[in-house]
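The values are calculated or read from the model by the stated rules, or taken from the named source; none is laboratory data. What you see is a predicted model, and the numbers here were worked out from it, not measured in a lab. Please note: Cβ atoms are built from the backbone with ideal geometry, for glycine as well, and neighbour counts cover all protein chains shown.
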Amino acid sequence: MKAPAPSRYSRTGRIVVGGSFTFLGGQSHPYLARIKPDGSVDADFNPSADFQVYCLAMQEDGKILVGGMFSTLCGQPRRHLGRLNPDGTLDASFAADGRRPGPLSRLR
């Protein structure tokens, strides 16, 4: 049995979800997406990972920590941990050291 996909509410009332999907609502959203309050997929939020997302954490400033089995996030090298801006673009100012031996399964 698969573990439930991680999800977090954003300040805008939208839900950021991650998991093992590559399509959501008929749209390509590799492993990450955001759902609008009406239940539709937010096409303006389009980050991508190259493999599964196991955990998400919303920060006070609206930025999103992403953890999982991926090695790239938004097309850039980010081994197992990265951070997105509230609009879904990669936060280039956040740089994990990449020394983590395996995927993250929980963020606090």
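Taken over region 58-74, the criterion of being farther than 15 Å from Asp87 by Cβ and either in contact with a Gly (Cβ under 8 Å, 6 or more places away or on another chain) or buried (at least 18 other Cβ atoms within 10 Å of the Cβ) (or both) is satisfied by Leu65, Gly67, Gly68, Met69, Phe70.
Checked against the criteria, Gly26 does not count as surrounded by 16 or more Cβ atoms within 10 Å (Cβ to Cβ) and either at pLDDT below 90 or not acidic (Asp, Glu) (or both). Just so you know, in region 81-93 the residues that are without any contact (Cβ under 8 Å) to a residue 40 or more places away in the chain and farther than 13 Å from Tyr31 by Cβ include one that is surrounded by the most Cβ atoms within 10 Å (Cβ to Cβ), and it is Leu81.
One residue stands out in region 31-57 among those that are farther than 18 Å from Thr89 by Cβ and under 10 Å from the mean Cα position of the chain (by Cα): the one that is surrounded by the most Cβ atoms within 10 Å (Cβ to Cβ), namely Tyr54. Against the numbered list (1) closer than 20 Å to Ser28 by Cα; (2) at pLDDT below 90, Ala96 comes up short only at (1).
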